[in-house]
Each structure stands twice: as C-alpha cells, then as structure tokens.
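Just so it is clear, none of the values below were taken in a lab; they were calculated from the coordinates. Quick caveat: nothing in here was measured; it's all calculated off a predicted structure. Here the Cβ positions follow ideal geometry from the backbone for every residue, glycine too, while neighbour counts run over all protein chains shown.
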Amino acid sequence: MGRYLVVVTIENKEQVGDPEGETIKKDLIFRSGYSNVESVRSAKCYNIIINSETENEAEKEVTRLCDELRIYNPIVSNCSIGPITKLSK
C-alpha cells in the first residue's frame with residue numbers, strides 16, 4: 001500500500017463572481033503597478049494524504065470523497081483533483 005498526496009482545488013465557476021480575486025487584482029496588483037494582469041481568481045486548496053494501492057485508486061477515492069461529502073457546491077464551484085504525488089513511507 002502506498003501513501004499519496006492528492007491536491008484538491010475548489011474554485012468558483014467562470015460565470016460566478018469572485019469578489020476576493022477582484023479585490024486582490026484591484027487593490028493590490030493594480031496599485032503596485034502590474035497593469036498587465038488581466039484577471040485574478042481565488043481558490044481553496046486541500047492537501048489530502050491517502051493510503052491506496054495505486055495512484056489511480058487514490059484519485060478515485062478522493063473524487064468519491066469530494067462528491068459524497070459535498071466539500072464543494074457543484075452549482076457554483078468546480079472541483080479539480082491533482083496533482084497526485086506518491087510519498088515515501
């Protein structure tokens with residue numbers, strides 16, 4: 001059995017506003033002179049360590065966990081899995 005670090009990212013869908021990202025862009029980036037930045041989107045990131053036989057099984061288990069436990073709202077958010085890293089014992 002291997003140990004895997006699975007990164008889960010939750011972010012608002014494209015058509016859903018992102019007040020945090022807009023604030024960062026407007027109040028921090030533009031005020032600092034980075035006028036070439038077109039947009040900023042914020043996201044939540046979860047690092048999940050899971051014991052599994054294979055990387056593929058680890059990905060499936062974490063995907064199932066995210067869907068069943070509803071750690072995100074699928075109406076307004078996208079959930080992406082990866083990267084997945086095999087950890088040493």
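May I ask you to list the lysines whose Cα is less than 24 Å away from that of Lys86, ignoring any residue fewer than eight positions away on the same chain?
Of all the lysines, those that pass the test against Lys86 - Cα under 24 Å, at least 8 places apart if same chain - are Lys44, Lys60.
With everything on Cα atoms, drop me the angle between helix 55-69 and the longest principal axis of the chain, reported from 0 to 90° to the nearest 10.
Between the helix axis and the principal axis of the chain, the angle is about 60 degrees.
Putting +1 on Lys and Arg Cβ atoms and -1 on Asp and Glu Cβ atoms, find which of Asn12, Ile84, Ser35 reaches farthest to the positive end of the dipole of the chain.
Positive-end residue among those listed: Ser35.
Mind jotting down a quarter of the surface of the convex hull over the alpha carbons of the chain, in square nanometres, one decimal?
Details: hull surface 29.4 nm².
The Cα convex hull of the chain, projected and averaged over all directions, gives 7.3 nm².
Counting only C-alpha contacts under 8 Å and six or more residues apart, can you give the relative contact order of the chain as a whole percent? Write down the numbers at each step before the final one.
Values: 128 pairs, mean separation 47.7, N = 89.
Result for the chain is 54 percent.
To the nearest 20 debye, what is the magnitude of the charge dipole of the chain about its Cα centre, counting +1 on the Cβ of each Lys and Arg and -1 on the Cβ of each Asp and Glu? Present the calculation step by step, with values, prior to reporting the outcome.
Numbers: 12 positive and 14 negative charges, 51 e Å.
Dipole magnitude for the chain comes out near 240 debye.
Can you put Val62, Val37 in order, fewest other beta carbons within 10 Å first?
On the way: Val62 22, Val37 12.
Least to most surrounded, the residues fall as Val37, Val62.
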